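Where a number appears in this text, it was derived from the coordinates with a stated rule and is not lab data. Just so you know, these numbers come straight off a predicted model, no measurement behind them. In this analysis, Cβ positions are derived from the backbone assuming ideal geometry, glycine residues included, and neighbour counts consider all displayed protein chains.
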């Protein structure tokens, strides 16, 4: 059996298209079996490299090769298999193939890139030099190895927005790009990039993400919510986010936590219009994991004085009060209580700010640690490993 499997990999380079297609089909099937994945490690991962090369083959061969690579990269982002995929040319081709209109490979490229970018080394390769001012950044940069590196993330963000409901590509939804954004934003440099203007239209990159906090697809919704939460670790940007876009940002964070309850007139004074008098059919997000990430986003905002004051002014407390009565998940309830504790704290103690704070992984607020250096890694927040 082992020799037959190893012999199968030789057929990936066969001159006949039908043979290569059959070989990649078998590789995709084998890669879904954890007991069989060890064979792909043969000869310094030569089968994996061959599958990577199949991206330039005919579409159906490339299709099954991508399925195999997705399965192989799903188990462990730090594995040697993923390290083999940490190749500039391969990453560039993935992005280029992903944005081709009508491509049948776009969603598979999204899924593979989602698995790969859980590895920080690969996620960093999608981020151009964020240290330079936006006006000084070039749309293309020639790297030392001669590879032209475009602004990958801006391209991916545009396709993500335009591709919703298959408007850009009838064969792709691009939902899994939200997981790529979540992985990239988990890095401090990535979060800073999302909080900077887009090179395409000058709008805040994060604004292209926060519009999907109530999207019907859980993958797109969850990845976007996680990206927003990751960006909140950069507390210096809280003021800009909470004052820009006519409070659209905070409205998008709170809406999934809102139900159809009616507020007293005193409670709606100062509340954004889009949060008032919601329809009787309004439902809260059905996923406890997503609700927990939204709550952690609010908790991060309470670590600055401006964030706490803003949440008080827009009457977040009545929303959270009704939410707490409705919520049955214990982790979500506890996180909600921590937010309320922060909003009800006495600000007259002379302590103006809490910027030097940390939101620990269990949601406790601690002092004297720079919040932007913390990367949360709760299980509820992890990007899904994609198997096909």
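How many angstrom separate the Cα center of the stretch 152-169 from the Cα center of the stretch 41-83? That distance is 25 Å. Spin-label pair residue 201-residue 264: with each label point 7 Å from Cα along the Cα-Cβ axis, the two points sit 4.2 nm from one another.
Before anything else, pin down the relative contact order of the stretch 1-75: Cα pairs under 8 Å, at least 6 apart, normalised by residue count, whole percent. It rounds to 33 percent for the stretch 1-75. Packing, as the average of other Cβ atoms within 10 Å across residues, places the peptides 284-297, 62-75, 172-185 in the order 172-185, 62-75, 284-297, highest first.
Using the Cβ-Cβ distance between residue 282 and residue 102 with R0 set to 22 Å, the FRET efficiency works out to roughly 0.05. Seen through its C-alpha gyration tensor, with square-root eigenvalues sorted a ≥ b ≥ c, the stretch 219-351 comes out rounded because a/c lies under 1.5.
Sorting 97, 237 from the fewest to the most surrounding beta carbons within 10 angstrom yields 97, 237. From least to most packed, judged by other beta carbons within 10 angstrom and beginning with the fewest, 80, 87 follow the order 80, 87. If a/c stays under 1.5 just call it rounded; otherwise compare a/b with b/c (prolate if a/b is bigger, oblate if not). Do that for the stretch 155-285, with a ≥ b ≥ c from the square roots of the Cα gyration tensor eigenvalues. Judged from the Cα gyration tensor, the stretch 155-285 comes out oblate (a/c at least 1.5, b/c at or above a/b). Residues 94, 89, ranked from the fewest to the most other C-beta atoms within 10 Å, line up as 89, 94.
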